[in-house]
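To start, the structure itself, in structure tokens.
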Ligand code: AGP
């Protein structure tokens, strides 16, 4: 993970770099650092453990000033969060770098460099890169050539920003695997892990491709591809700066983003629904022709996005009769599967930069085993959208809280649309398409109604403050909803939580149930409600306390050991989307009561760009 930012300008850049880091904190926040070249051609560096605020505070006492610089916010991979492991890393006061990614062969490079007399001051994989560059400069190479030579030795993933006291007018950027974007200003150029970092200073961007290497000066920019050939990359204008990424009246981004869901869903639906059909909203060549011949679907994702994929597999198989498999990307990418015909490969991702998901996509592109690749993603111009044949965007707006909320519900919306589009493309079941369209139109209102339970759920969450474990139950397409509820709770409140299909309880987990174990169940009145009720009785008779989210028709009786929050009546097809809301709120309030860092939970980062 980690976020990097860099700038070369005719004005002091430290504030620009710090603002960039604040906007990249979602990528990691265990330490931060900045290095600038001073007027005296020295590299001045400052680093601090903790969030960017700690670095900002340190810089108030001892400022660093210069017109060219690099900065970094870290998510530790190699070496604990500590000042000596924070970036930028330096070699002999001559070169400084920031790095996002993982160097797989760092251990052998470290030994070689040590044998050559280099002293290591950190436990990171990154430090080998800066010493390699310095070594090549000592042999007489220019800064750009030394960086080129150094990266020839690297195995793994990197996005790099490099400056040197020997070449005070040059900023080097390079990308392989990890994302990196250039921001173009007037007589100034910026680099960043994403455009958010640079939106305060520019709206013109170049998305670098894998293997790109850039030599950036105040008045020139040269980009070379993997083969060393100079290339021109398209400049994209972004209006993302118009979207606000502030908390408004809310205490946390997560709370704001939970409440934004009706609007996010509305934006995702905007212009895509006809009277009784869906508009052709998949981007990419021959999209509908491809959908018409799909015989099987393979969904790949991580974390919350994986849960959205699981829910979609119920919908896809029930409504389109197309077999659908769902797998987490980190497993799929290393597994051999028998070849199958006409498989649509679907990746799901909020960020579009998740390393495992990207690697899975890369794998199927290389072996040519899929009919086509489609990504469902929240970030236009992300690596996944650029690398996939087709894309279907969620339009949730920027999601800042590490815990994914509105990205999940808008993914589900788009997945339901995909069900309808597949049926349309195949000329099948217009009545199902019509039902999907009509139900989707009702969704924003139903989400509003679910959000009205906010206060009641806040009250319920008080029961969880002292808990150390929790079990989440669901059946059918509510089982992945329960999985998502458990992930949310563990992620932000640090309570150990697991989800089970309710029918599986008696095969083991029932042994965990006693009066200390809260059992949370999502219980809309679907065809499986009676089965679920029997499972819940098994819990009650063993002293477990129940926390249920159910509609009136489910007829759940509240008592001292059974807390019921009454949910709005929803069409069965929409229940997984609507029942996600109370679970998000339950996790949110539990975390608030426990005093955890809701938007930046420990050890996590928003965008997981390392394997
Ligand atoms: C969810 O709350 C998570 N923070 C995490 O599981 C996330 O969904 C996962 O890392 C995948 O991210 P993506 O959707 O950006 O690919």
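The values are calculated or read from the model by the stated rules, or taken from the named source; none is laboratory data. Because the structure is a prediction, the values reported are computed rather than measured. As a convention, Cβ positions derive from the backbone with ideal geometry for all residues, glycine included, and neighbour counts pool all protein chains shown.
Could you grab the pairs with beta carbons closer than 7 Å, sequence gap of 6+ or different chains, first residue in region 332-360 and more than 24 Å from residue 399 (Cα to Cα), second one near the ligand (Cβ under 9 Å from one of its atoms) and assigned to a helix (DSSP H, G or I)?
The qualifying pairs are 333/356.
Could you run through region 306-354 and say how many residues are near the ligand (Cβ under 9 Å from one of its atoms) and either at pLDDT below 95 or touching a strand residue (DSSP E or B) at 6+ places or on another chain (Cβ under 6 Å) (or both)?
Within region 306-354, residues that are near the ligand (Cβ under 9 Å from one of its atoms) and either at pLDDT below 95 or touching a strand residue (DSSP E or B) at 6+ places or on another chain (Cβ under 6 Å) (or both) number 10.
So, in region 499-517, exactly how many residues are away from the ligand (no atom under 15 Å from the Cβ), surrounded by 17 or more Cβ atoms within 10 Å (Cβ to Cβ) and outside any helix (DSSP H, G or I)?
4
Determine which member of the set 397, 401 is within 14 Å of the ligand (Cβ to nearest atom) and in a loop (DSSP other than H, G, I, E, B). Spell out how you get there, then give the answer.
Numbers: 397 fails: within 14 Å of the ligand (Cβ to nearest atom).
401 is the lone residue from the list that is within 14 Å of the ligand (Cβ to nearest atom) and in a loop (DSSP other than H, G, I, E, B).
Looking at region 122-152, which of its residues are under 21 Å from residue 210 (Cα atoms) and not in a helix (DSSP H, G or I)?
Those that are under 21 Å from residue 210 (Cα atoms) and not in a helix (DSSP H, G or I): 125, 126.
Could you list, in sequence order, all residues of region 563-579 that are over 25 Å from residue 458 (Cα atoms) and part of a helix (DSSP H, G or I)?
572, 573
Answer yes if at least one residue in region 544-562 is out of contact with any strand residue (DSSP E or B) (no Cβ under 7 Å at 6 or more places or on another chain), at pLDDT 90 or above, more than 16 Å from the ligand (Cβ to nearest atom) and assigned to a helix (DSSP H, G or I), and no otherwise.
No, region 544-562 contains no residue that is out of contact with any strand residue (DSSP E or B) (no Cβ under 7 Å at 6 or more places or on another chain), at pLDDT 90 or above, more than 16 Å from the ligand (Cβ to nearest atom) and assigned to a helix (DSSP H, G or I).
Give region 483-498 a look and list any residue that's part of a strand (DSSP E or B) and crowded, with 23+ Cβ neighbours inside 10 Å, or say none.
Within region 483-498, just 497 meets the criteria.
Among the candidates 380, 372, single out the residue that is more than 21 Å from residue 307 (Cβ to Cβ), more than 13 Å from the ligand (Cβ to nearest atom), free of Cβ contacts under 8 Å to residues at least 40 places away in the same chain and in contact with a strand residue (DSSP E or B) (Cβ under 7 Å, 6 or more places away or on another chain).
380
Identify, by number, the condition in (1) buried (at least 22 other Cβ atoms within 10 Å of the Cβ); (2) out of contact with any strand residue (DSSP E or B) (no Cβ under 8 Å at 6 or more places or on another chain) that residue 298 doesn't meet.
Condition (2) is where residue 298 drops out.
Going by the structure shown, is residue 525 closer than 30 Å to residue 444 by Cβ and touching a strand residue (DSSP E or B) at 6+ places or on another chain (Cβ under 8 Å)?
Considered against the rule, which asks whether it is closer than 30 Å to residue 444 by Cβ and touching a strand residue (DSSP E or B) at 6+ places or on another chain (Cβ under 8 Å), residue 525 comes out as yes.
Tally the residues that are surrounded by 18 or more Cβ atoms within 10 Å (Cβ to Cβ), part of a helix (DSSP H, G or I) and in contact with a helix residue (DSSP H, G or I) (Cβ under 9 Å, 6 or more places away or on another chain), restricting the search to region 25-55.
Counting residues in region 25-55 that are surrounded by 18 or more Cβ atoms within 10 Å (Cβ to Cβ), part of a helix (DSSP H, G or I) and in contact with a helix residue (DSSP H, G or I) (Cβ under 9 Å, 6 or more places away or on another chain) gives 4.
Step by step: first the residues of region 588-611, then only those that are within 13 Å of the ligand (Cβ to nearest atom) and part of a helix (DSSP H, G or I), then the one that is surrounded by the most Cβ atoms within 10 Å (Cβ to Cβ). Which residue is that?
588
Just wondering, is there one or more residues in region 534-541 that are away from the ligand (no atom under 16 Å from the Cβ) and either closer than 27 Å to residue 606 by Cα or part of a loop (DSSP other than H, G, I, E, B) (or both)?
Yes - at least one qualifying residue is present in region 534-541.
Which residues, taken from region 59-83, are outside any loop (DSSP other than H, G, I, E, B), surrounded by fewer than 19 Cβ atoms within 10 Å (Cβ to Cβ) and either touching a residue at least 60 places away in the same chain (Cβ under 8 Å) or in contact with a strand residue (DSSP E or B) (Cβ under 6 Å, 6 or more places away or on another chain) (or both)?
Hits for region 59-83 are 59, 83.
Name the single residue that is farthest from residue 603 (Cα to Cα) among those in region 84-97 being part of a strand (DSSP E or B) and in contact (Cβ under 8 Å) with a residue 60 or more places away in the chain.
95
Restrict the check to region 462-473 and report whether at least one residue is in a helix (DSSP H, G or I), within 25 Å of the chain's Cα centre (by Cα) and surrounded by fewer than 24 Cβ atoms within 10 Å (Cβ to Cβ).
No: region 462-473 contains no residue that is in a helix (DSSP H, G or I), within 25 Å of the chain's Cα centre (by Cα) and surrounded by fewer than 24 Cβ atoms within 10 Å (Cβ to Cβ).
So which residues in region 281-295 are out of contact with any strand residue (DSSP E or B) (no Cβ under 7 Å at 6 or more places or on another chain), closer than 23 Å to residue 380 by Cβ and not in a helix (DSSP H, G or I)?
Within region 281-295, 285, 286 meet the criteria.
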